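Please find one structure pasted underneath; my questions will follow.
The values are calculated or read from the model by the stated rules, or taken from the named source; none is laboratory data. Since the model is a prediction, treat every value here as computed from it, not as a measurement. Here the Cβ positions follow ideal geometry from the backbone for every residue, glycine too, while neighbour counts run over all protein chains shown.
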Amino acid sequence: ASAIEIALKMSFHFWRNSGQPAKTGFVSIANGYHGETLGALSVTDVALFKDTYAPLLRQTYQTPSPDARLAEPGESAEAYALRCAEALAQYLEQHHASTAALIVEPLVQCAGGMAMHHPIYLKRARELCDQFGVHLIADEIAAGFGRTGTMFACEQAGIAPDFLCLSKGLTGGYLPLSVVMTSDGIYQAFYHDDVARGFLHSHSYTGNPLACRAALATLDIFAQDDVITMNRVKAAQFTQTMQPLREHPRVRHFRHLGMIWAFDVADAGPTFSQDFYQAALRRGLLLRPLGSTVYFMPPYVITMEEIALLVQGTLACLDA
């Protein structure tokens with residue numbers, strides 16, 4: 001959430017420093033999640049987290065989600081993503097003068113039900129942001145560092161965002177640390193003798209040396225062990241092991257991206273999430289369904305034996 005706050009504030013401040021103070025609005029994707037601080041909640045579209053604090057939040061605009069599950073019968077994920085991008089184009093054409101940035105979760109909206117979309121959406125979003133003079137913020141806090149099959153999800157669309165928000169995998173999950181990466185051009189807008197033009201944002205533990213050291217160690221392991229290549233091999237093996245889940249009669253929309261697997265469960269009642277969680281615990285598994293969506297985001301060191309146990313236990317939960 002700290003990284004999202006920084007990206008939102010920096011985008012807003014950039015336009016102010018650049019003589020375009022009317023560009024104060026933000027666009028996010030329907031059913032997206034970006035954190036639980038006030039700025040992050042303003043661009044979040046998950047009622048469970050947002051509704052209680054609605055009076056404290058600023059108004060933002062949600063553009064249709066390119067979630068491939070929402071495609072019409074016979075419509076491809078790519079075609080549906082382009083249709084959603086057209087809706088974004090129509091909004092930006094009318095409101096670009098008052099819009100600072102578009103924020104997206106590249107390739108997968110995690111808290112929104114592991115909703116996956118075709119990379120063409122990101123490519124088209126980048127083109128539209130360039131066309132209309134709007135920043136593109138990529139929230140890769142969950143997806144970054146190999147989770148989607150590449151180091152960063154944006155790579156699969158061949159794009160570079162104006163702001164890249166990272167955390168979680170940066171320290172291997174051991175210590176809290178987030179990073180916001182941006183371009184030299186945006187940096188230069190803040191480089192000035194006038195302190196009011198500077199980006200004045202910090203907190204008591206910014207740049208914590210222990211967390212930074214954990215991040216450096218994690219990055220060393222990524223390079224030394226070629227983690228991305230190793231994950232691709234593992235993912236192919238795991239996907240084959242999960243074939244019985246794909247074929248289960250209650251499973252809908254089985255989907256896979258890198259080291260993420262997810263599916264929706266048919267006939268899931270109102271207590272499904274808690275019931276499935278408890279059933280999994282009894283079988284030695286820690287699963288936390290999102291509504292009727294069951295998902296796996298295993299640690300990269302997981303073994304084939306552990307994956308087999310995961311599949312067997314999940315099948316038993318589905319049959320319980």
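Out of THR239, THR303, THR271, THR229, which single residue is of a type in the set (Ser, Thr, Tyr) and over 25 Å from MET151 (Cα atoms)? First the steps, then the outcome.
Numbers: THR239 fails: over 25 Å from MET151 (Cα atoms); THR303 fails: over 25 Å from MET151 (Cα atoms); THR229 fails: over 25 Å from MET151 (Cα atoms).
Every option except THR271 fails the conditions.
Out of the residues in region 238-256 that are farther than 11 Å from LEU315 by Cβ, part of a strand (DSSP E or B) and touching a residue at least 40 places away in the same chain (Cβ under 8 Å), state the one that is farthest from the chain's Cα centre (by Cα).
Looking at residues that are farther than 11 Å from LEU315 by Cβ, part of a strand (DSSP E or B) and touching a residue at least 40 places away in the same chain (Cβ under 8 Å), I get HIS253.
Restricting attention to region 20-61, which residues are touching a Lys or Arg at 6+ places or on another chain (Cβ under 8 Å), among the aliphatic types (A, V, I, L, M) and part of a loop (DSSP other than H, G, I, E, B)?
LEU57
Further question: Just to be sure before I move on: is GLU93 in contact with a helix residue (DSSP H, G or I) (Cβ under 9 Å, 6 or more places away or on another chain) and free of Cβ contacts under 8 Å to residues at least 24 places away in the same chain in the structure I sent?
So GLU93 fails the test.
Conditions (1) assigned by the TED database to the domain that holds TRP261; (2) under 22 Å from GLU105 (Cβ atoms); (3) at pLDDT below 95, marked per residue:
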position: THR171; (1), (2), (3): no, yes, no
position: GLY185; (1), (2), (3): no, no, no
position: HIS192; (1), (2), (3): no, no, yes
position: SER202; (1), (2), (3): no, no, yes
position: CYS212; (1), (2), (3): no, no, no
position: ALA215; (1), (2), (3): no, yes, no
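Could you count how many residues in region 290-319 are in a strand (DSSP E or B) and at positive phi?
Here is the first cut: in region 290-319, the ones in a strand (DSSP E or B) are 290, 293-296.
From the residues that got through so far, the ones that are at positive phi too are none.
Qualifying residue count, region 290-319: 0.
Tell me whether region 138-152 contains one or more residues that are modelled with pLDDT of 95 or more and more than 21 Å from VAL227 (Cα to Cα).
yes
For region 257-275, name all the residues that are acidic (Asp, Glu) and either buried (at least 18 other Cβ atoms within 10 Å of the Cβ) or not in a helix (DSSP H, G or I) (or both).
Passing the criteria: ASP264, ASP267.
With the requirement that a residue be surrounded by 24 or more Cβ atoms within 10 Å (Cβ to Cβ), touching a Ser or Thr at 6+ places or on another chain (Cβ under 9 Å) and not in a loop (DSSP other than H, G, I, E, B), what does region 112-138 give you?
ALA115, HIS135, ILE137
From the list LYS9, LYS50, which one is over 18 Å from the mean Cα position of the chain (by Cα) and of a type in the set (D, E, K, R)?
Matching residue, one of LYS9, LYS50: LYS9.
Take region 168-192 and flag every residue that is buried (at least 18 other Cβ atoms within 10 Å of the Cβ) and part of a strand (DSSP E or B).
Answer for region 168-192, where residues must be buried (at least 18 other Cβ atoms within 10 Å of the Cβ) and part of a strand (DSSP E or B): VAL180, THR182.
Looking at region 204-237, which of the residues that are farther than 13 Å from TRP261 by Cα and small (Gly, Ala, Ser) is farthest from the chain's Cα centre (by Cα)?
Top of the filtered list is SER204.
Scan region 296-320 and report the pairs whose first residue is within 22 Å of MET116 (Cα to Cα) and assigned by the TED database to the domain that holds TRP261 and whose second residue is modelled with pLDDT under 95 and not in a loop (DSSP other than H, G, I, E, B), with Cβ atoms within less than 9 Å and a gap of 6+ or a chain change.
Correct list of pairs: empty, since none qualify.
Would you pick out the residues in region 193-222 that are under 21 Å from LEU8 (Cβ atoms), part of a loop (DSSP other than H, G, I, E, B) and either touching a strand residue (DSSP E or B) at 6+ places or on another chain (Cβ under 8 Å) or without any contact (Cβ under 8 Å) to a residue 60 or more places away in the chain (or both)?
The answer is GLY198, LEU200, SER202, SER204, TYR205, THR206, GLY207.
Taking region 32-75 only, how many residues are of a type outside the set (D, E, K, R), buried (at least 21 other Cβ atoms within 10 Å of the Cβ) and closer than 18 Å to HIS253 by Cβ?
2
Could you run through region 146-163 and say how many residues are surrounded by 18 or more Cβ atoms within 10 Å (Cβ to Cβ) and not in a loop (DSSP other than H, G, I, E, B)?
5
Scan region 73-109 for residues that are assigned to a loop (DSSP other than H, G, I, E, B) and either at pLDDT below 95 or farther than 22 Å from CYS165 by Cα (or both) and jot them down.
PRO73, GLY74, GLU75, SER76
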